[in-house]
Amino acid sequence: MRYPASVLAMFLILAAAPARAGDVATLADCTTKVFGEINRTRKWSGKPPATCPATIAVEKRADGVLVTAWVIRSAEGGWVRTAFSGAMGYGEIARKQELAKASRDIMARAKHLGRCLDSINAVNDPLDCRDRATKSYSAGEESGVENDRIVWLDDNGRHAVLEYAFGNTESTPSPPTDLFNGQPLPPNMIIDLRVNR
């Protein structure tokens, strides 16, 4: 049986791009370092922390701050994008002890999501996580297939969301827009952390 070139390319991507669930803890660590920076300076510098290999976006929300970190890796015939977003309330960011506790919670949730991603990629079982997968096809000037999976914990706890996407639709995939609800903050914008808002 003969397969179309786009289907063969997707098989090659899957074979050459193993799941990068190990990236999840690194990305979560990047987010906690950004929250630490905001605690110290009361603003977002616009640059990832020195030891962070990810691209970072920061969003202000009514009750806190959302930080998203992502990496895009080349794969045979395409790309793989792994993203993690975590949130903290203004009061948590403002107080050192609460910041440390919230950072530990983000790291624990990230590890949990990483285990779920490993299971999804190994046997298509999200364990106790929730997930949503979409597959999109492009035809025209640029053709190909993109698979996108969002994984989260359905426990009414802290916002912590993982995205794992791969495809061959374009050479430079877009940022993980499914994780954003607003516009990322520009660099050096002051973030008001007053607890009595």
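The values are calculated or read from the model by the stated rules, or taken from the named source; none is laboratory data. No experiment lies behind these values; they were computed from the predicted model shown. A quick note on method: Cβ atoms are made from the backbone with ideal geometry, for glycine too, and the neighbour counts reach across all protein chains shown. Calculation scope for accessible area: heavy atoms of the full protein, side chains included, ligands and nucleic acids excluded. Shrake-Rupley method; radii C 1.70, N 1.55, O 1.52, S 1.80 Å.
Take the residues in region 63-74 that are part of a strand (DSSP E or B) and open to solvent by 20 Å² or more (accessible area, probe 1.4 Å); name whichever of them is modelled with the highest pLDDT. Among residues in region 63-74 that are part of a strand (DSSP E or B) and open to solvent by 20 Å² or more (accessible area, probe 1.4 Å), the one modelled with the highest pLDDT is 70.
On the basis of being surrounded by fewer than 16 Cβ atoms within 10 Å (Cβ to Cβ), under 17 Å from the mean Cα position of the chain (by Cα) and either part of a loop (DSSP other than H, G, I, E, B) or modelled with pLDDT under 95 (or both), does residue 2 make the cut? For residue 2, the condition - surrounded by fewer than 16 Cβ atoms within 10 Å (Cβ to Cβ), under 17 Å from the mean Cα position of the chain (by Cα) and either part of a loop (DSSP other than H, G, I, E, B) or modelled with pLDDT under 95 (or both) - is not met. Residue check: residue 81 meets all listed conditions (1) at pLDDT below 90; (2) surrounded by 20 or more Cβ atoms within 10 Å (Cβ to Cβ) but one, namely (1). In this structure, residue 100 does not satisfy being hydrophobic (A, V, I, L, M, F, W, C), open to solvent by 10 Å² or more (accessible area, probe 1.4 Å), part of a loop (DSSP other than H, G, I, E, B) and without any contact (Cβ under 8 Å) to a residue 40 or more places away in the chain. All of (1) under 23 Å from residue 155 (Cβ atoms); (2) of a type outside the set (S, T, N, Q); (3) buried (at least 17 other Cβ atoms within 10 Å of the Cβ); (4) touching a helix residue (DSSP H, G or I) at 6+ places or on another chain (Cβ under 6 Å) hold for residue 90 with one exception: (4).
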